[in-house]
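Reviewing the structure listed below.
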Amino acid sequence: MKVVYVNANNLQEIKQQAPNVAMALGYFDGVHLGHQKVIQTAKEKANAQNLSLAVLSFFPHPKSVIFSDVEVSYLEPLDQKIEKLKNLGVDIFYIVEFTKKLAKVEANDFLNDYIIGLNAKEIICGFDYTYGTKASGTVETLAVYASEQQIGLTVVEELKWNNQKISSSLIRKHLKERKLSELPSLLGNFYQTKYCKNTGLLPNYSLPDIGNYKVLIEDSHSYIECVATVKCKKYIQIHHEISALPNLLTIQWIDHFSSKLTISR
């Protein structure tokens, strides 16, 4: 998969080299099952029309730029998102630098520069996708634009679980409420973070709320089952012989211990 970082300075150069694509639009934080449905739909469109499969997203999160006093709780950093998209068969991942200037771009200008400009022949997005200044662009305005430009548009309806829309916000809510065992139904697998024994949680991950949890720590080609205690938003305590573990830990969060836990030392 080719990863292309796009900004106002290199956009014109990237346009000249952009292949024809079926383009999936969204932020895709966590690449949950709803996101995967959008990408799978885009893949089907790409295969049917002999197009490359592209995903267009932003970094940093638009909310962190538009509302500078808002702390965005990311589910995963770009490198993990890149790995997931690669595994889903994406050919090109366009990462657009989100700036205050971009936030003021009119909806149609955004489409002209970043969608049509990057040779999207098919557009695929979720039913609640918005774009342009003050989120003025919606799937309704996108449908008008796509018709005028004579390009395909597929709007993917929401994917639900337990009568709730599968979303990044719902996953964050489950982390806050310690409902880890339900996350595979939203993500397709257990929630995963990377943790440094010296410096704590790596940037752009979120931890579940304070408490004791059953976790799996990757160890070569196997897993170590143990208990982790979340102390705060950045630091945890691993109840295992810590010297036997690598400095950088990949942790899968399995379940919360709802009752008080006595941990032998």
message: Taking every DSSP beta bridge with both residues inside segment 1-97, roughly what % is antiparallel (nearest 5)?
response: 0 percent
task: Can you tell me which of 202-209, 98-105 comes out highest on packing, and rank the rest after it, using the mean Cβ neighbours within 10 Å?
output: 202-209, 98-105
task: Among Ile39, Ile151, Ile171, determine the one that fluctuates most according to a GNM of the chain built with springs between C-alpha atoms less than 10 Å apart.
output: Ile151
field: Top of Leu248, Leu175, Leu201 by mean-square fluctuation, Gaussian network on the chain, Cα under 10 Å
entry: Leu248
task: With a point put 7 Å past each Cα toward its Cβ, work out how far Lys63 is from Lys173 in nm, to one decimal.
output: 1.3 nm
- prompt: So how tilted is helix 139-149 from the main axis of the chain? Cα-based, degrees 0 to 90, rounded to 10.
  reply: 40 degrees
message: Checking the cross-link filter: which lysines have an alpha carbon closer than 19 Å to that of Lys43, excluding same-chain neighbours under 8 positions apart?
response: Lys2, Lys81, Lys84, Lys86, Lys121
message: Quick check on my link table: of Lys45/Lys104; Lys63/Lys197; Lys63/Lys165, which ones sit more than 28 Å apart, alpha carbon to alpha carbon?
response: Lys45/Lys104; Lys63/Lys197
- prompt: Going by how many other Cβ atoms sit within 10 Å of their own, how do Ser169, Ser243, Ser64 line up, fewest first?
  reply: Ser243, Ser169, Ser64
Rounded to whole Hz, the Karplus (6.51, -1.76, 1.60) HN-Hα couplings of segment 185-195, x for glycine and proline: 6, 9, 9, x, 7, 6, 5, 10, 10, 10, 9
query: Among Glu13, Glu241, Glu182, which one shows the biggest mean-square fluctuation in a GNM of the chain, springs joining Cα atoms closer than 10 Å?
result: Glu241
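All of the numbers you see were taken from the coordinates with simple rules; none came from a lab. Note that this is a predicted model, so its numbers are computed, not measured. Cβ sites come from the backbone with ideal geometry, for glycine too, and all protein chains shown count toward neighbours.
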